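Just so it is clear, none of the values below were taken in a lab; they were calculated from the coordinates. Computed from a predicted structure; not experimentally measured. As a convention, Cβ positions derive from the backbone with ideal geometry for all residues, glycine included, and neighbour counts pool all protein chains shown.
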Amino acid sequence: MREAQSEQPLIDIRDLRKEFRIGKRTVTALDGVSLLVNQGESVAIVGESGSGKTTLARTLLGLERCTSGDISIDGVPAHDWSRLSAADRRRLRGTVQMVFQDPYASLNPMRSIGSTLSEAIRSHDSGIKDTAGAVADLLKTVGLSPAYTQRKPSALSGGERQRVAIARALAARLPRSARQRCSGRPCGQVSAGG
């Protein structure tokens, strides 16, 4: 029997529905999904292609608005991100981040890796003093050399791009600790050698 948790859940999703209108048809992507993730837990969502995994993650992150149901992230009602205060949005973005599935489309091809990571760091902490040092730390955390700051995505392999995408998501924990990451198969192209 599982011991009762005294803390509020990190993520609490109840009876979540998401429908899409395609022409005259309505397609139900999520049909009554409920999920509870407690502090310190890791949860994997698995299923076949088209089963709603990405839609669930996008809805959790406010990239899609749910049709009905409730979402709470760290005690903040998050079923409609457009109604959140700027402070609550900032708080939630420091709590949940997404590592997009496609490393080729998830990075701006015109920006250097250092520029991309610096922007991510500053968006979570505009007062950070040593952005370059934080970028170097993020790159080391994902197994890349700080020399990658000058490179553009086109100079990286798929696995290296995915490592940069993971580093960008980890930027939310600088200086605070991000406690949850959402991903759509983020490590599919990451090999032990990069």
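Quick notes
- Approximate shape of the stretch 11-84 as ellipsoid semi-axes (Cα gyration tensor, √5λ), whole Å, largest first: 21, 16, 9
- Computed [θ] at 222 nm, helices only, for the chain once each DSSP H run of length n ≥ 4 contributes -39500 (n - 2.57): -8000 deg cm²/dmol
- Percentage relative contact order, the chain, counting C-alpha pairs under 8 Å, at least six apart: 21 percent
- Rg then Dmax, both in Å and based on the Cα atoms of the stretch 86-140: 12.4, 32.
- The stretch 53-108 - percent relative contact order, Cα under 8 Å, separation 6 or more: 26 percent
- For the stretch 144-154, backbone phi angles converted through the Karplus equation (6.51, -1.76, 1.60; θ = phi - 60°) give residue-by-residue couplings of 10, 6, x, 5, 5, 4, 7, 7, 9, x, 5 Hz, Gly and Pro being listed as x.
- Nearest-ten-degree value, helix 113-124 long axis tilted from longest Cα axis of the chain: 50 degrees
- For the stretch 85-179, the set of chymotrypsin sites (Phe, Trp or Tyr not before Pro) satisfying both a DSSP loop assignment and a count of at most 16 other C-beta atoms within 10 Å is given as Tyr104.
- The local environment of Glu19, defined by Cβ-Cβ distances under 15 Å, has a net charge of +4 under the rule Lys, Arg +1 and Asp, Glu -1.
- Spherically averaged projected area in nm², based on the convex hull that wraps the Cα atoms of the chain: 13.4 nm²
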